[in-house]
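Bear in mind that the values in this text are calculations on the coordinates, not laboratory data. All of these numbers come straight from a predicted model, not from anything done at the bench. Backbone-built Cβ (ideal geometry, glycine too); neighbour counts: all protein chains shown.
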Amino acid sequence: MKTLPDLQQIETLILIVKHGSFRQAAKALNLSPPALTVAINHLEEKLGVRLLNRSTRSLSLTAVGEEFLNNITPVVNDYRRVVGSLNYHRLTPEGVVKVNLPRIVIDLFFQDYFIAFKNACPNVTLELYATDRKVNIIESGFDAGIRYSQDVPKEMIAIPFGEKLSLIPVASPDYIREAGEPDTPQSLVNFRCINRCFPGGEKYRWEFIGPAASLARSRLKAIWSSMPIAQ
C-alpha cells in the first residue's frame with residue numbers, strides 16, 4: 001500500500017453499498033456518478049484490491065470488499081462520533097482560565113462580573129491571582145490579565161473591562177483645618193500625603209488633568225504604603 005486511502009473515499013464506498021448503486025449514491029452526495037467511479041477506482045488502487053463487482057446492471061461487494069467494509073464501518077462510525085462530540089466543547093466553554101489582576105480590581109467591582117461569568121459559563125473554572133506586583137502575563141503562564149490602561153504593553157491585545165475609574169485625592173476634615181487646602185497640584189509637596197508603593201518598589205504617580213487637558217505631576221512628601229488603603 002503506497003498511501004493510506006482518504007476517509008472521504010471510504011465513506012463514498014459505504015454510501016454506494018448502502019444505496020445499492022452509484023447513481024443513487026451520487027444523487028445523495030449531489031455529485032455525478034462518474035465522480036464516484038473515480039473515487040472508488042482510487043480507493044481500490046491505494047488498497048491494492050478490488051472491492052466491488054460492478055456492471056451496467058448489478059453491483060456487489062467482492063469477498064475482500066465485504067471483509068474490508070465490515071471492519072472499517074465501525075471505525076468510521078467511531079470517527080464520526082468522536083468528531084461530533086467536539087461540537088459540545090465548541091458550544092459549551094469549559095476548562096480552567098488563569099487570570100492575573102490587581103487586588104483593587106477585586107475589591108471594587110470584579111465580584112459582580114465574576115458572578116455573571118460563572119452563571120454564563122458554569123463549566124469554566126476561573127483561577128484568580130491577585131497581586132499588585134507587575135507580572136508578565138504570558139511568561140508567567142496566565143491566560144488573561146486585567147491591567148490599568150497605561151500598563152498594557154503595546155503588543156498585547158486588550159479590550160475595555162468594567163467601568164471607567166477615576167482616582168481622586170482626599171483628606172480628612174481635621175487635617176484640612178490644620179494644614180489648609182492645597183492651591184495647585186504642585187503645592188502638595190508641602191502636605192503630608194499617603195501614597196501607594198507597589199511590591200516591586202514602584203511608586204504610584206499622582207497626575208492631574210487640568211481644564212485644558214494639561215497634565216500636571218505632583219512631587220510628594222509622602223508616607224509610602226503597600227496597603228490598598230493608600231488608593
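Taking K and R as +1 and D and E as -1, what net charge do the other residues with C-beta under 14 Å from the C-beta of His19 add up to?
After counting each charged neighbour, the total is +3.
Of the beta bridges DSSP finds with both residues in the chain, what % are antiparallel, to the nearest 5?
Percent antiparallel among DSSP bridges in the chain is about 35.
Per residue of the chain, what 222 nm ellipticity follows from adding -39500 (n - 2.57) for every DSSP H run with n ≥ 4, rounded to the nearest 500?
Calculated from helices alone, the mean residue ellipticity at 222 nm is -11500 deg cm²/dmol.
What percent does the relative contact order of the chain come to when contacts are Cα pairs within less than 8 Å and at least six residues apart?
12 percent
If you plug each phi of the range 34-43 into the Karplus form 6.51 cos²θ - 1.76 cosθ + 1.60 with θ = phi - 60°, what whole-Hz ³J(HN,Hα) values come out, in order, with x for Gly and Pro?
x, 5, 6, 4, 4, 4, 5, 4, 5, 5
With Cβ to Cβ distances under 15 Å as the rule, what net charge do the other residues near Asn87 carry (K, R +1; D, E -1)?
+2
Any aspartates and glutamates with Cα under 15 Å of the Lys118 Cα? List them, leaving off those in the same chain fewer than 8 positions away.
Glu94, Glu127
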